[in-house]
Amino acid sequence: MLERSGPTLKVTAPMLYAGAVSLLAAGRAALTPEIREIDLEAIGDADSDSSALAVLFAWLREAKASNAELRIVNAPAGLLSLAKLYGVDDFLPLA
């Protein structure tokens, strides 16, 4: 579901509604001040929906509450398209 590699948390499971609660909890448990980026390289366009945005924003809030900043790398085009459609693309800290 998630793999840690140095300061990077790699999402390896689909970010879809059916698994959003589990993914949210796993990310919250894995977030530490050392984590600086969320890598979505393993997530394809068909592997994310609007719940992925909710999970990402929750993780970003969690990091901010701990005085840490996260950036998102390798976001799939479909997820970026959804973010733009919902008007939240400017709030995603993309690298």
Mind checking whether some residue in region 33-42 is at pLDDT 95 or above and loosely packed, with under 14 Cβ neighbours inside 10 Å?
-> yes
Sort out which residues of region 25-58 are among the hydroxyl-bearing types (Ser, Thr, Tyr) and under 24 Å from Leu85 (Cβ atoms), and write them in order of number.
-> Ser48, Ser50, Ser51
Output the residues belonging to region 3-24 that are surrounded by 12 or more Cβ atoms within 10 Å (Cβ to Cβ) and of a type in the set (A, V, I, L, M, F, W, C).
-> Leu9, Val11, Ala13, Met15, Leu16, Ala20, Leu23, Leu24
Subset of region 51-67, residues surrounded by fewer than 16 Cβ atoms within 10 Å (Cβ to Cβ) and in contact with a Phe, Trp or Tyr (Cβ under 8 Å, 6 or more places away or on another chain), comes to Phe57
Residue pairs qualifying under the 7 Å Cβ cut-off, at least six apart or on distinct chains, with the first in region 60-86 being under 21 Å from Asp45 (Cα atoms) and the second being surrounded by 15 or more Cβ atoms within 10 Å (Cβ to Cβ) and among the small types (Gly, Ala, Ser), are Pro76/Ser48; Gly78/Ser48; Leu79/Ser48; Leu79/Ala52; Leu82/Ser50
Residues in region 68-90 that are loosely packed, with under 12 Cβ neighbours inside 10 Å and part of a helix (DSSP H, G or I) total 4
What about Ala46, is it surrounded by fewer than 17 Cβ atoms within 10 Å (Cβ to Cβ), farther than 21 Å from Ser5 by Cβ, over 12 Å from the mean Cα position of the chain (by Cα) and at pLDDT below 95?
-> yes
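The values are calculated or read from the model by the stated rules, or taken from the named source; none is laboratory data. Quantities reported herein were computed from a predicted structural model and do not represent experimental measurements. A quick note on method: Cβ atoms are made from the backbone with ideal geometry, for glycine too, and the neighbour counts reach across all protein chains shown.
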